[in-house]
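Q: This is the structure, below, for whatever I ask next.
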Amino acid sequence: MTGRVHVIGAGLAGLSAAVSLVRAGRPVTVYEAAGHAGGRCRSFFDEVLGRRIDNGNHLLLSGNEDTRAYLEAIGATDRLCGPEHAEFPFLDLESGERWTVRPGAGRVPWWILSAARRIPGSRLSEYLRALRLARAGGDATVAQCLDGGGVLFRRFWEPLAVAALNTAADEGAASLLWPVVRETFGRGEAACRPRIANPGLSECFVDPALRLLETAGATVRFRSRLRAVTFGGDGIAALAFAGGETVRLGAGDRAILAVPPAAAALLPGLETPRGSRAIVNGHFLVGRIGEHPFFLGLVGGLCQWLFVRGDVASVTVSAADSLAEEGSDAIATRMWREITRALGLEGQPLPAFRIVKEKRATFAQTPAETRRRPGFRTPWSNLLLAGDWTDTGLPATIEGSVRSGRTAAAAIVADSISS
Ligand SMILES: Cc1cc2nc3c(=O)[nH]c(=O)nc-3n(C[C@H](O)[C@H](O)[C@H](O)COP(=O)(O)OP(=O)(O)OC[C@H]3O[C@@H](n4cnc5c(N)ncnc54)[C@H](O)[C@@H]3O)c2cc1C
């Protein structure tokens, strides 16, 4: 049977599910609580800066295959930009040293044998320690696996892990970092080229998807917050939305709940990750500097990544729960000190800025919370889950959320063929 699929949540997980389903010829309705799509991955016009900015810097890698397939489906592959070859420039804010990590072409990282290509101060033996990640058990943290007290951990593994897991390395799950390394750095240079949405997240991931859905006849209903689910037989019977509307599911209908874990509490007994971690981004109007867009990894300070697009410099602090409690002016002052050092703007006064605090940016990707991720199937036969917090095998990232949506959609299509 090929009934309608009701997708709740228009973040990237919901959008990728909806896109896959309309491409498979399924009628789809998307319900989104907010007045816009994109969820935690979106752009907006900021009145203070007078610019359109992203809620936060998002970095992808060329080996993110599900994201690439999604962008191909929505006709937006040209909206990701980045260097022709994999290169990751870094600055140590304490020592002032700068270096660029340039992984080699093959799967075997022969480049680490060359002292000139290794990260300054790192030893070959530290790189070999990375093999421990592949064998990490479910309880191991990133620091337990990789921190041998050497320079490589501080200058590469820690920034990578905090960015990928949004969780401090001493509590982040090593088992979640390994798939990132395996699917990107582990496949050689071509799979780990850094990629940034250009001009912004919504123009890349969201707006083209909404256009495709509209063209395909799908309905996207904004300001439609799911507030209750009613159950009947072995499935769900109806979806009740704030405002009083109730949508009953017909015999062949399916639903995909693509909302954050807190909203998934609408399902009784569903175990989900409970803890979350914040990400704080600061956007500063700096004027035009250098080649655009570009990004820089920062170690030894507060900020972890610096992106420059147009005349806006944006810095990211992940695993930022305590920082998120500070006032925006104090955060901006601290960030600006580091930005001026990184961009050679010392002495310049603090320009117009916007601090964006995403207090629940992702679930806390610790070993304990990782074990609480549910799969995409639920005990209800006509209801599936999607979202970066479901058990995708990946960290809570764009690649994970897109994959989760595609997985749920593929299961619905496969079920309808076999029934
Ligand atoms: C600041 C920041 C920086 C990040 N950086 C990176 C990065 O560099 N690289 C990377 O790959 N990933 C990054 N991420 C993670 C990435 O943004 C997320 O993994 C992804 O956007 C999650 O998508 P989702 O669809 O799973 O969830 P969401 O985006 O949360 O989507 C859920 C949607 O459901 C809606 N909703 C909630 N409740 C209801 C309800 N009751 N009824 C209807 N709708 C509802 C919400 O409004 C939302 O639109 C970052 C995230 C943040 C916040």
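The values are calculated or read from the model by the stated rules, or taken from the named source; none is laboratory data. Keep in mind that what you see is a predicted model, and the values were worked out from it rather than measured. When we count neighbours, we look across all protein chains shown, and the Cβ atoms used for this are built from the backbone with ideal geometry, even at glycine. Side chains included, ligands, DNA and RNA excluded: accessible areas come from the protein's heavy atoms. Shrake-Rupley method; radii C 1.70, N 1.55, O 1.52, S 1.80 Å.
Q: For the range 228-261, what are the residues that are within 9 Å of the ligand (Cβ to nearest atom) and either polar (S, T, N, Q) or surrounded by fewer than 14 Cβ atoms within 10 Å (Cβ to Cβ) (or both)?
A: Ala242
Q: Same structure, new question: Provide a single number: the residues in the range 212-226 that are in a helix (DSSP H, G or I) and surrounded by fewer than 16 Cβ atoms within 10 Å (Cβ to Cβ).
A: Summing the residues that are in a helix (DSSP H, G or I) and surrounded by fewer than 16 Cβ atoms within 10 Å (Cβ to Cβ) in the range 212-226 gives 2.
Q: Moving on to the next point. Would you point out which residue out of Ala209, Ala191 is touching a helix residue (DSSP H, G or I) at 6+ places or on another chain (Cβ under 6 Å), surrounded by 16 or more Cβ atoms within 10 Å (Cβ to Cβ) and touching a residue at least 12 places away in the same chain (Cβ under 8 Å)? It would help to see each step written out before you state the result.
A: Working: Ala191 fails: touching a helix residue (DSSP H, G or I) at 6+ places or on another chain (Cβ under 6 Å).
It is Ala209.
Q: In addition: Give the residue that is nearest to the ligand (Cβ to nearest atom), with candidates limited to residues of the range 14-27 that are over 20 Å from Leu249 (Cβ atoms) and of a type in the set (A, V, I, L, M). Outline the logic, then answer.
A: Taking the range 14-27 first, the residues over 20 Å from Leu249 (Cβ atoms) are 15-16, 19, 23.
Adding the requirement that they be of a type in the set (A, V, I, L, M) leaves 15, 19.
Working: Leu15: 7, Val19: 12 Å.
Across the range 14-27, the extreme among qualifying residues is Leu15.
Q: Which ones in the range 152-189 are of a type in the set (A, V, I, L, M), touching a Lys or Arg at 6+ places or on another chain (Cβ under 9 Å) and under 24 Å from Ala105 (Cα atoms)?
A: Hit for the range 152-189 is Leu152, nothing else.
Q: Tell me the residue from Pro395, Pro374, Pro351 that is under 30 Å from Gly235 (Cβ atoms) and not in a helix (DSSP H, G or I), please.
A: Pro374
Q: Condition check: in the same structural domain as Phe376 (by TED's automatic domain parsing) and among the aliphatic types (A, V, I, L, M). Does Ile236 satisfy that?
A: On the way: in the same structural domain as Phe376 (by TED's automatic domain parsing): yes; among the aliphatic types (A, V, I, L, M): yes.
So Ile236 fits the description; yes.
Q: Checking Glu346 against (1) within 19 Å of the chain's Cα centre (by Cα); (2) more than 11 Å from the ligand (Cβ to nearest atom); (3) not in a helix (DSSP H, G or I), only one condition comes out false. Which one?
A: (1)
Q: A further question follows. So for the range 111-118 (the condition being away from the ligand (no atom under 16 Å from the Cβ), surrounded by 19 or more Cβ atoms within 10 Å (Cβ to Cβ), of a type in the set (D, E, K, R) and at pLDDT below 95), does at least one residue qualify?
A: yes
Q: Just name the residue that is farthest from the ligand (Cβ to nearest atom) out of those in the range 355-414 that are of a type in the set (Gly, Ala, Ser), buried (at least 22 other Cβ atoms within 10 Å of the Cβ) and over 20 Å from Arg4 (Cβ atoms). First the steps, then the outcome.
A: First, pick out the residues of the range 355-414 that are of a type in the set (Gly, Ala, Ser): 361, 364, 368, 375, 381, 386-387, 393, 396, 400-401, 404-405, 408-411, 414.
Going one step further and asking which of them are buried (at least 22 other Cβ atoms within 10 Å of the Cβ), we end up with 361, 364, 386-387, 396, 400-401, 404-405, 408-409.
Next, only the ones that are over 20 Å from Arg4 (Cβ atoms) stay: 361, 364, 387, 396, 400-401, 404.
Values: Ala361: 4, Ala364: 13, Gly387: 4, Ala396: 5, Gly400: 6, Ser401: 4, Ser404: 7 Å.
Ranking the qualifying residues of the range 355-414, first place goes to Ala364.
Q: Now for a different question. For the range 149-194, which residues satisfy the criterion of being more than 16 Å from the ligand (Cβ to nearest atom), in a loop (DSSP other than H, G, I, E, B) and in contact with a Ser or Thr (Cβ under 8 Å, 6 or more places away or on another chain)?
A: Correct list: Gly150, Ala169, Asp170, Glu171.
Q: I would also like to ask the following. Does the range 86-101 contain at least one residue that is within 13 Å of the ligand (Cβ to nearest atom), under 28 Å from Ile355 (Cβ atoms) and either open to solvent by less than 60 Å² (accessible area, probe 1.4 Å) or of a type outside the set (Asp, Glu) (or both)?
A: No.
Q: Test Gly39 against the criterion of being under 30 Å from Arg193 (Cα atoms) and open to solvent by less than 10 Å² (accessible area, probe 1.4 Å), and give yes or no. First the steps, then the outcome.
A: Working: under 30 Å from Arg193 (Cα atoms): yes; open to solvent by less than 10 Å² (accessible area, probe 1.4 Å): no.
No: the conditions fail for Gly39.
Q: What about Gly14, is it buried (at least 21 other Cβ atoms within 10 Å of the Cβ) and under 18 Å from the mean Cα position of the chain (by Cα)?
A: Working: buried (at least 21 other Cβ atoms within 10 Å of the Cβ): yes; under 18 Å from the mean Cα position of the chain (by Cα): yes.
Yes; evaluated as a whole, the condition is true for this residue.
Q: Hey, another quick one. State all residues of the range 32-75 that are more than 10 Å from the ligand (Cβ to nearest atom) and among the aliphatic types (A, V, I, L, M); if no residue qualifies, say none.
A: Taking the range 32-75 first, the residues more than 10 Å from the ligand (Cβ to nearest atom) are 43-53, 62-63, 65-66, 68-75.
If the condition is that a residue be more than 10 Å from the ligand (Cβ to nearest atom) and among the aliphatic types (A, V, I, L, M), then Val48, Leu49, Ile53, Ala69, Leu71, Ala73, Ile74 are the ones that fit.
Q: What residue, of Gly138, Gly106, is exposed (fewer than 15 other Cβ atoms within 10 Å of the Cβ) and in contact with a Ser or Thr (Cβ under 6 Å, 6 or more places away or on another chain)?
A: That would be Gly138, the only listed residue that is exposed (fewer than 15 other Cβ atoms within 10 Å of the Cβ) and in contact with a Ser or Thr (Cβ under 6 Å, 6 or more places away or on another chain).
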